[in-house]
1. Count, please, the residues in region 11-23 that happen to be under 19 Å from Cys239 (Cα atoms) and part of a loop (DSSP other than H, G, I, E, B).
2. Taking region 44-79, which residues are among the hydrophobic types (A, V, I, L, M, F, W, C), outside any strand (DSSP E or B) and touching a Gly at 6+ places or on another chain (Cβ under 8 Å)?
3. So if I check each of Ile125, Ile132, which one is among the β-branched types (Val, Ile, Thr) and modelled with pLDDT of 95 or more?
4. Asp291 versus (1) within 27 Å of Lys143 (Cα to Cα); (2) in contact with an Asp or Glu (Cβ under 9 Å, 6 or more places away or on another chain); (3) of a type in the set (D, E, K, R): which is the lone unmet condition?
5. Got a sec? Which of Ile82, Ile41, Ile101 is of a type outside the set (Lys, Arg), closer than 22 Å to Tyr165 by Cβ and either part of a strand (DSSP E or B) or within 24 Å of the chain's Cα centre (by Cα) (or both)?
6. So, of the residues in region 21-40 that are hydrophobic (A, V, I, L, M, F, W, C), touching a Phe, Trp or Tyr at 6+ places or on another chain (Cβ under 7 Å) and in contact (Cβ under 8 Å) with a residue 12 or more places away in the chain, which turns out to be farthest from Arg283 (Cα to Cα)?
7. Looking at (1) outside any loop (DSSP other than H, G, I, E, B); (2) closer than 17 Å to Ile198 by Cβ; (3) among the hydrophobic types (A, V, I, L, M, F, W, C), which is the one condition that is false for Leu106?
8. Looking at (1) at pLDDT 95 or above; (2) surrounded by 15 or more Cβ atoms within 10 Å (Cβ to Cβ), which one does Ala154 not meet, given that it meets all the others?
Amino acid sequence: MDRYNGSVRELINAPLLSTLYYKTQAGKFRLTLRAWRWLSIIIINLLFFLSFHIDLQMLEGTLNGSRLFGFHLIDPFTALEIFAAEHHFHTNVIIGSVTLIVFYFLVGGKAYCSWVCPYGLLSEIGERIHQILVRKKIIKEHKFTPNVRFVFWAIFLAAAAIDGYLVFEVLNPIGYISRAITYGWSLALVWVLVVLTIEIFYSRRAWCKYVCPVGTTYNMLGWVSMTKVKWDMNKCDHCGACLNACFEDHVLEFIKPKYDKERKEKGVETQLVVNGDCTLCGRCFDVCHTDAYNYDFRLKDMV
């Protein structure tokens, strides 16, 4: 992918594999952030597999609950489910969930969705197929309000409290994939295919955008997390490539030209993507030919 010389249309419609690398202004090829993210997802989940099958004892368990070199890690939403179902927090659950909360507070809440979650990788591939089908007018895009996920978030916790069981895990494609990677495949993967099929043929990234309470929990953390994407108005030429590439394009609403006058009046030259929906995926970096985006670690300004 040649982001410095290609047109916006070429960047947005580039073949999926070509989005894994780009040509620098010096003519050298480098991996895109998408490629690094996919490697991150593969390596993390490979460690789960190896720890179980060859007793590596490095990252044991699944993404719901695991041990990193013996230290407990518990997904925050899973911890909330356990508390709702049992009305009691176990010590290891507290330690494991707080550890991950602190970690994602530092690196970015929904970074989990783009850098760790195996379903996120599948959903990206499904998204590309969906976009091709929409572009060819084979299917239509269906959008809903993202706020519906908070309703699902509350419903799943309420169901756990009423039933005394982790109800969401019956539907959780992340859990099914993670367990399949670690322990072996099962028929539960059919449900993963059903969810992916809905995303491909009906609504782009529907599970991630409108349902998943795991991502919703990280969304809440993302609003206050320390790592943010920073946008430089002076470098941006408003080509719109980033808005087309972004998984959650509403988080970049503020970069639109209609807000430039207000920014100039206030003397604002750079802005942070503060919306908790930002997954720090770096797709805006990958398609920006003016290098208007960068990561910013806000904690450095406090010390």
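The values are calculated or read from the model by the stated rules, or taken from the named source; none is laboratory data. Treat the numbers as computed from the prediction; the structure is a model and nothing was measured. When we count neighbours, we look across all protein chains shown, and the Cβ atoms used for this are built from the backbone with ideal geometry, even at glycine.
1. The number of residues fulfilling the criteria is 2.
2. So the first thing to find is which residues in region 44-79 are among the hydrophobic types (A, V, I, L, M, F, W, C), and the list is 44, 46-50, 52, 54, 56, 58-59, 63, 68-69, 71, 73-74, 77, 79.
Still in the running and outside any strand (DSSP E or B): 44, 46-50, 52, 54, 56, 58, 63, 69, 77, 79.
Once the filter is applied, which keeps residues that are among the hydrophobic types (A, V, I, L, M, F, W, C), outside any strand (DSSP E or B) and touching a Gly at 6+ places or on another chain (Cβ under 8 Å), region 44-79 yields Phe48, Leu63, Ala79.
3. From the options Ile125, Ile132, the qualifying one is Ile125.
4. (1)
5. Ile82
6. Ala35
7. The one condition Leu106 does not meet is (2).
8. The failed condition is (2).
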